[in-house]
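Data block below; observations after.
FYI, it's all coordinate maths here, none of it is from the lab. Predicted model, so just to flag it, every value in this text is computed and none were measured. Note that each Cβ is placed from the backbone with ideal geometry, even for glycine, and that neighbours are counted across all protein chains shown.
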């Protein structure tokens, strides 16, 4: 009895909770890499759908229930904590209903047709037996993967017969391959060219005792079905006989060798035989061979399943072809006195109502093939309820009827049919959504509940009351001297030209000012060139391409490449890349670089590719291909023209499109500013006349130009970094020497950071207004938003500790710095259809805000490790007090971060459910978000686990746990594929700096540990 009690106490202990959480996080994290390398079926078979995984979840749930009672979370003062802990139990129960009761499928409808049938997303093996008019069978769901497949072995009884069916093996992406086999039959691979020449060339295979029509001639191998057939035969050698004369020709040329009709002639591979104008070539001859199925590379090829079927003493092998998401076609055979039919694939489910597709509509961004949105106009027909009603289904707008939810998933390539995703999970979804509600309510309540851990930490954290000012002078950057004499257009005309609207390759309309900024930044890696603003450089390149082809403006970052090109500095001209023969110097190197997988590309290869991109951009500027500034008068929603386009317009319009930029260039080169301005105004007038319906408003255009010119985020990050570092130095000095004055320094820093925060907010608002959507749909935007969230968190905790504000200022500066690195894209782009949802705004805003709070926890942990290292016998008490205070703030900020991360992740599940019909699909991004939740849940519960209760352990964990966030944000995008990756590719290698960072953090952890053990003592107590 005592042993059982000890076992139960261990199973339901906090130590076991910690083990289960880490095991759960490790399992699902590993599954994402299995999915990336071996496919989704493998990840599901080994982890997500495995029985041990279900047992793990069950143990976690039971442990959670037990600890709810152990710590008496049902008490009134702990109701808020009880709510959000109980919510996880509700969510897991809902997930169970979804897993075992709900189902998904696809409905395909062509325009004008109606259907009530859906095909299941899961695959099934369907077995049917027939004997004496009686039918029996079995249907079983199955998951096949290359690493682990479900077993299928059934015994089916029918009319006194016992039939055993066993899946012996399967071959994914199956294709046939001819393999030499001593037990096989003779096989010939041939090529035939008819009288029509090469256009009628035909490749085929002749097995022994088979025949093939070649134009009007019958070609037989072995048996002779017709007296006028051309016959091939094999005994000890390969022979051929024809009813008409033929000739043998060598593939290498030479005279033809005549061959008499109706006589046997020896033939051999690699020779050409002319039979009445039809030319035959024997490619290969196999005296004994068999066709075997092997796994191929074609992902659209079917899966082949091999079954052993046994009925008494009768046994037969049955080969069945099928595919996931496609209806299985049965393979039928007789085994003894029983007819056996086996099929593999999706099943048909009939709904109690039908949908008719009236019209499928696909909208594209103007002038682009990229879909802006697509929708299905359908009629719901439910005769049992007397309903016949029209609906419009599109991304993020569903049809819900009788517990069936229809989502716009895909469409036919001819755009005359639609594919709707169908989900039936009323019970599971209701329970899960209720769990989400409890989760949000409980977490929000915990932040204001006076008895919660969060509020207790707030009361315990001492306030730092010192205020003050930091006086310093920021030196402006000086302009470099011009090494070349540049002919630059006047700034006034450049600014006026920058106001002209242009259509980019993605279909977005933007001022030339925006394009010019992007071009100059890409080509020169600077915001300005030689001190001139981007629009001035851009118009100069357009108006005088010959001169600018000799200007050293293309950045070359690799010294070896620079030497090969023949330049001495870091910049080359366009002409430097062309040799005396007019050939592109990098052509072969570019091909070699692109032929390698990203993981195998060296720094030199990457620089080759980057320089090649810059050269292509400058070429498109010089030729005018970038200047898509002329609306199509005949198609207001169509692609805009550039001066080199084939124009389909009236003569005057066509002439204006072709000549206006040329005339503008001539006026600028002649120094005639007045005439140049006339041409610029003419282009603007033409745009308003023919393109006003698709152009942004004038107010939006002006805001975008102002946003580009100010470049607020790039200007802010040096201030954030400098002030943050100075403030950190002053505050740490104050901790070590309490008499050190910092009042005016802290006050001044807060004022400057406050102004920066307001400007930062204005930049985000401007970008939101320009794009017409929330500014966090790509890497650059989320980085700038996380930086904003960091500062917000800093100001929230500034009253508790000014170190929090200093740390967040540094973090904000670092995030903005990362946002402006070369691999981040600051361009404002159109959204793919799935991102056009208000859920994007809610989900991403909360998620990215959580990253900022959790980053603050990590930086406070880093500060505490540094304080441990600075600790000695004299200052150990004051440093210990500050470490304790900062640790409390760190725990508070991590609590907020975890709440936001959890709520944001599950709101993302709602977005997914509204977009493609499932609130959780183990996509790598959502999986790693869950890993992050589990990691931080473990960190915040370490105070309950013996051996992990110390402040040092908490600070170590607060730093290293942020690696889960980095993996979620960066790692998934670069190393794993999924629904969140809208630009996929091969994985990139891990940057070198990651290894250095890990080594430095490890060294800091060790050094801090020795001082912690030397100067600190923390008795372990049981937490309530």
Antiparallel bridges, percent of DSSP beta bridges restricted to the chain (to nearest 5): 95 percent
Answer rounded, prolate or oblate for region 292-405, using the Cα gyration tensor with square roots of eigenvalues a ≥ b ≥ c: rounded when a/c is under 1.5, else prolate when a/b is larger than b/c, else oblate. oblate
Give the residues of region 697-731 whose amide nitrogen is closer than 20 Å to a point set 7 Å from the Cα of residue 993 in the direction of its Cβ. 713-726
Provide the gained length on full extension for the span residue 584 to residue 349, in nm with one decimal, where the gain is 0.36 nm per separating residue minus the Cα-Cα distance. 78.6 nm
Most exposed first, judged by fewest Cβ atoms within 10 angstrom, 734, 108 run 108, 734
Identified option (computed mean projected area of the Cα convex hull in nm²; candidates (1) 61.7; (2) 50.1; (3) 59.4): (3)
For a quick check: sort 580, 881, 248 by the number of other beta carbons within 10 angstrom, fewest at the front. 580, 881, 248
Where labels lie 7 Å past Cα in the beta-carbon direction, separation of residue 310 and residue 209 in nm: 2.9 nm
Estimated distance in nm for a label pair at residue 101 and residue 249, the labels positioned 7 Å out from Cα along Cα-to-Cβ: 7.5 nm
Evaluate E = 1/(1 + (r/R0)^6) for residue 878 and residue 451, where r is the Cβ-Cβ distance and R0 equals 30 Å; express this FRET efficiency to the nearest 0.05. 0.45
Listed peptides 131-137, 451-457, 888-894 by packing density, highest first (mean Cβ within 10 Å): 888-894, 451-457, 131-137
Mean residue ellipticity at 222 nm from the helices of the chain, using -39,500 (n - 2.57) per DSSP H segment of n ≥ 4 over the full residue count, to the nearest 500 deg cm²/dmol? -15000 deg cm²/dmol
How much length is gained on full extension from residue 237 to residue 146, taking 0.36 nm per residue of separation minus their Cα-Cα distance? 28.5 nm
Can you tell me which of 546-556, 315-325, 227-237 comes out highest on packing, and rank the rest after it, using the mean Cβ neighbours within 10 Å? 546-556, 315-325, 227-237
Under the rule rounded for a/c under 1.5, else prolate if a/b exceeds b/c, else oblate, using alpha carbon gyration tensor axes a ≥ b ≥ c, region 2-100 is classed as prolate
Hey, fewest Cβ within 10 Å first, where do 107, 201, 395 land in order? 201, 395, 107
Using mean Cβ contacts within 10 Å as the protection proxy, how do 66-73, 994-1001, 709-716, 807-814 order, highest first? 807-814, 709-716, 66-73, 994-1001
Segment residue 379-residue 93, length gained on full extension (0.36 nm per residue, minus Cα span): 99.4 nm
When only Cα pairs under 8 Å and 6 or more residues apart are kept, what is the percent relative contact order across the chain? 11 percent
Cα shape, region 175-295, gyration tensor, a/c 1.5 rule: prolate
With a Förster radius of 35 Å, plug the Cβ-Cβ distance of residue 681 and residue 711 into 1/(1 + (r/R0)^6) and report the FRET value to the nearest 0.05. 0.80
